[in-house]
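Worksheet: the structure to be examined is printed underneath.
The values are calculated or read from the model by the stated rules, or taken from the named source; none is laboratory data. On a predicted model such as this, the values are computed, not experimentally measured, just so you know. Cβ atoms come from the backbone with ideal geometry, glycine included; neighbour counts cover every protein chain shown. Calculation scope for accessible area: heavy atoms of the full protein, side chains included, ligands and nucleic acids excluded. Shrake-Rupley method; radii C 1.70, N 1.55, O 1.52, S 1.80 Å.
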Amino acid sequence: PPEKEKQGIGETERIKTKRFTDSPIHPFTPECSGVRNSGGGDLKVGWQGEEEFDVKPNLRREAAFKEGGFYVLRDNTRFAFIRCGKHKDRPSQADNLHLDIWVNGKNILRDAGSFKYNTTPEDIKYFMGTISHNTVMLGNYDQMEKGEHFIWYYWSQAVEANLSEDDEWLIFKGKIHAFKHIKPNIFHTRIVKQHKKQLLWEIEDVIEIPPPGIKLSAKQIWNFAPDFSKDGFKITSRDKNGNEIEGKERDAFYSSYYGIKEPSRQLVFETNGEYFKTVIFYEDTLS
């Protein structure tokens, strides 16, 4: 089909696919098995009227879907999913360099979902905005300027994205041009490293702002599942001088199904500098 007819799977499309399967709308395994096979463990897929059958995953450690702007670091029990897109058509969300992390089928670090397409301007800005994604904001500014309804101005664009590995780590490195409505030539580089043997991730964020700079703090945002801490996971962050950045937990929202808005929590690291070195780990890993 023409490029402009290619669309991502939104909540409306997920609802429509429900009629073809007996599985619940979440986690969309029959509909998204192809993507999931590039990012996690074995699947049990059951179509309506048919017995379940196993789908064995492609065991590539990393996968790049460059046209859509999606990158995956994975093994049999966990995967990191990174968004790094170069927009040809209207973007729906200000989510470039967003990071999802899944462990044993559980989405421990996630975005907030879509909620509704026709709702209040405040909810549209929240669920489509940068604040509901695991990436970096400048002050209270989204990566792009929000217009009416589904419109964004000054689209963020991927500049580079690549995958690599060494003896210990699977590595993603991406760079975007963003915040053009604040100042020209602001770039955000993110490096995500997933350890091959331990439940351990290292994330390095660098914001490049040309002189004379801007008087806005940088905020690194993490939207986490309710059991994140209970399951033994922690997040710490430091600035470029190695000083610990205090994380502040605050109220947030999550939409598990279209039209459902639930209370949630998020952690925000804020600095007047332009650098974060963040570690996400299972508590026993670094004890």
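Per-residue answers, yes or no, for (1) among the β-branched types (Val, Ile, Thr); (2) touching a Gly at 6+ places or on another chain (Cβ under 6 Å):
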residue: Gln220; (1), (2): no, no
residue: Ile235; (1), (2): yes, no
residue: Gly247; (1), (2): no, no
residue: Ser256; (1), (2): no, no
residue: Leu267; (1), (2): no, yes
residue: Glu283; (1), (2): no, yes
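Just give me the residues in region 123-161 being among the β-branched types (Val, Ile, Thr), in a loop (DSSP other than H, G, I, E, B) and farther than 30 Å from Asn76 by Cβ, in sequence order. Ile151, the sole residue that qualifies. Scanning region 179-191 for residues that are of a type outside the set (Ser, Thr, Tyr) and either assigned to a loop (DSSP other than H, G, I, E, B) or within 10 Å of Val159 (Cα to Cα) (or both) turns up Phe179, Lys180, His181, Ile182, Lys183, Pro184, Asn185, Phe187, His188.
Within the set Tyr126, Tyr154, the sole residue that is hydroxyl-bearing (Ser, Thr, Tyr), in contact (Cβ under 8 Å) with a residue 24 or more places away in the chain and closer than 18 Å to Phe224 by Cβ turns out to be Tyr126.
Filter region 90-107 down to the residues that are open to solvent by 10 Å² or more (accessible area, probe 1.4 Å) and under 13 Å from the mean Cα position of the chain (by Cα) and list them by number.
Filtering region 90-107 for residues open to solvent by 10 Å² or more (accessible area, probe 1.4 Å) gives 90, 92-93, 95, 100, 102-107.
Within region 90-107, Gln93, Asp95, Asp100, Trp102, Asn107 qualify.
When you scan region 13-110 for strands (runs of 3 or more DSSP E) that lie fully inside it, which ones turn up with 3 or more residues that are modelled with pLDDT under 50?
Details: elements: 43-45, 53-55, 62-65, 70-74, 78-83, 99-103, 106-109.
Where strands (runs of 3 or more DSSP E) fall fully within region 13-110 and carry at least 3 residues being modelled with pLDDT under 50, they are 43-45, 53-55.
So in region 274-287, with the set limited to residues that are surrounded by 14 or more Cβ atoms within 10 Å (Cβ to Cβ) and not aromatic (Phe, Trp, Tyr), which one is nearest to Tyr141 (Cα to Cα)? Write out each step before concluding.
Going residue by residue through region 274-287, those that are surrounded by 14 or more Cβ atoms within 10 Å (Cβ to Cβ) are 274-282, 285.
Narrowing further to those that are not aromatic (Phe, Trp, Tyr): 274, 277-280, 285.
Numbers: Glu274: 15, Lys277: 21, Thr278: 21, Val279: 25, Ile280: 25, Thr285: 35 Å.
My answer is Glu274.
Which members of region 162-180 meet the condition of being open to solvent by less than 50 Å² (accessible area, probe 1.4 Å), under 18 Å from Asp95 (Cβ atoms) and not small (Gly, Ala, Ser)? Answer for region 162-180, where residues must be open to solvent by less than 50 Å² (accessible area, probe 1.4 Å), under 18 Å from Asp95 (Cβ atoms) and not small (Gly, Ala, Ser): Phe172, Lys175, Ile176, His177, Phe179. For Ser237, the requirement of being in contact with a His (Cβ under 7 Å, 6 or more places away or on another chain), of a type outside the set (A, V, I, L, M) and under 26 Å from Tyr71 (Cα atoms) is not met. For first residues located in region 190-215 and loosely packed, with under 13 Cβ neighbours inside 10 Å, partners that are of a type in the set (D, E, K, R) and assigned to a loop (DSSP other than H, G, I, E, B) and lie 6+ apart or on another chain with Cβ distances below 9 Å form the pairs Lys197/Glu168; Glu208/Glu274; Pro210/Lys183; Gly213/Lys183; Gly213/Glu274. For region 108-122, which positions are over 28 Å from Thr77 (Cα atoms), surrounded by 15 or more Cβ atoms within 10 Å (Cβ to Cβ) and among the charged types (D, E, K, R)? Across region 108-122, the qualifying residue is only Lys116. Of the residues making up region 246-260, those that are open to solvent by 30 Å² or more (accessible area, probe 1.4 Å) and touching a Ser or Thr at 6+ places or on another chain (Cβ under 6 Å) are Phe253, Tyr254.
Is at least one residue of region 238-245 surrounded by 19 or more Cβ atoms within 10 Å (Cβ to Cβ), among the hydrophobic types (A, V, I, L, M, F, W, C), at pLDDT 95 or above and under 21 Å from the mean Cα position of the chain (by Cα)?
Our first condition is that a residue be surrounded by 19 or more Cβ atoms within 10 Å (Cβ to Cβ); within region 238-245, this holds for 245.
Next, from what is left, pick out any that are among the hydrophobic types (A, V, I, L, M, F, W, C): 245.
Cutting the leftovers down to at pLDDT 95 or above gives us 245.
Narrowing further to those that are under 21 Å from the mean Cα position of the chain (by Cα): none.
No, region 238-245 contains no residue that is surrounded by 19 or more Cβ atoms within 10 Å (Cβ to Cβ), among the hydrophobic types (A, V, I, L, M, F, W, C), at pLDDT 95 or above and under 21 Å from the mean Cα position of the chain (by Cα).
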